[in-house]
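Enquirer: Let me give you the structure first, and then I'll get to my questions.
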Amino acid sequence: MRLDKANANALLRSGVDSSDHILFSILGHSREVHEMVMKGVKHDRVINNISDFLELRKSLGINGPVIETVMYVMPENKNEEVEFLKYWRNVVDHVRRVGAISQQFAKYKNGDNSVPLRKKTCKNLWERMTIYWNGM
């Protein structure tokens with residue numbers, strides 16, 4: 001949501017290259033499903049921002065960052081998986097789907113606030129930076 005043209009321009013001029021990686025979680029191919037799963041997200045804005053980012057990257061002649069879209073399959077979006085992969089395969093550098101969400105997340109989403117503790121440390125804390133759709 002926050003990757004508008006100004007932010008895209010600043011990011012692309014910051015020295016990123018093909019060793020950098022930006023992943024966009026898009027949780028539905030259709031506007032209806034994506035906005036239902038991601039409350040407060042404007043699907044068309046996300047798609048336009050990614051498109052603008054890719055166009056700017058191309059016009060600047062920058063060989064990176066690698067752009068990836070991912071769909072985490074859940075009951076609400078499982079019927080859109082094929083269309084999601086088909087569409088994004090022709091747009092970004094890499095597209096993938098992540099199999100059904102864990103039972104723990106599904107239970108948490110349905111109101112059970114007691115999510116079991118992880119048995120392993122999450123490596124993403126040291127390897128990745130996450131910016132949520134709202135800029136936080």
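Residue-wise test of (1) surrounded by 14 or more Cβ atoms within 10 Å (Cβ to Cβ); (2) at pLDDT 90 or above; (3) not hydroxyl-bearing (Ser, Thr, Tyr).
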| residue | (1), (2), (3) |
| --- | --- |
| Glu55 | no, yes, yes |
| Leu85 | yes, yes, yes |
| Ala106 | no, no, yes |
| Asn113 | no, no, yes |
| Pro116 | no, no, yes |
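Enquirer: Residue by residue through segment 48-81, note down the ones that are under 16 Å from His94 (Cβ atoms) and of a type in the set (Val, Ile, Thr).
Expert: Result: Ile50, Val66, Ile67, Thr69, Val70.
Enquirer: Pick out the one residue from Gly64, Gly40 that is of a type outside the set (Asp, Glu) and in contact with a Ser or Thr (Cβ under 8 Å, 6 or more places away or on another chain). So that I can check it myself, show each step before the final result.
Expert: Values: Gly40 fails: in contact with a Ser or Thr (Cβ under 8 Å, 6 or more places away or on another chain).
Step by step, each of Gly64, Gly40 is checked, and only Gly64 is of a type outside the set (Asp, Glu) and in contact with a Ser or Thr (Cβ under 8 Å, 6 or more places away or on another chain).
Enquirer: Kindly indicate whether His34 is surrounded by 13 or more Cβ atoms within 10 Å (Cβ to Cβ), under 12 Å from the mean Cα position of the chain (by Cα) and closer than 22 Å to Glu127 by Cα. Let's see the steps before the verdict.
Expert: On the way: surrounded by 13 or more Cβ atoms within 10 Å (Cβ to Cβ): yes; under 12 Å from the mean Cα position of the chain (by Cα): yes; closer than 22 Å to Glu127 by Cα: no.
Criteria not met by His34.
Enquirer: Let me ask something else about it. Quick one: Lys42 ticks every box in (1) surrounded by fewer than 16 Cβ atoms within 10 Å (Cβ to Cβ); (2) under 25 Å from Glu127 (Cα atoms); (3) modelled with pLDDT of 90 or more bar one, so which box is it?
Expert: If we test Lys42 against (1) surrounded by fewer than 16 Cβ atoms within 10 Å (Cβ to Cβ); (2) under 25 Å from Glu127 (Cα atoms); (3) modelled with pLDDT of 90 or more, just (2) comes out false.
Enquirer: Now for a different question. Output the residues belonging to segment 5-22 that are surrounded by 14 or more Cβ atoms within 10 Å (Cβ to Cβ), of a type outside the set (A, V, I, L, M, F, W, C) and farther than 13 Å from Asn63 by Cα.
Expert: Listed by number, the residues that qualify are Asn7, Asn9.
The values are calculated or read from the model by the stated rules, or taken from the named source; none is laboratory data. Every value quoted in this text rests on a predicted model; they were computed, and no experiment measured them. In this analysis, Cβ positions are derived from the backbone assuming ideal geometry, glycine residues included, and neighbour counts consider all displayed protein chains.
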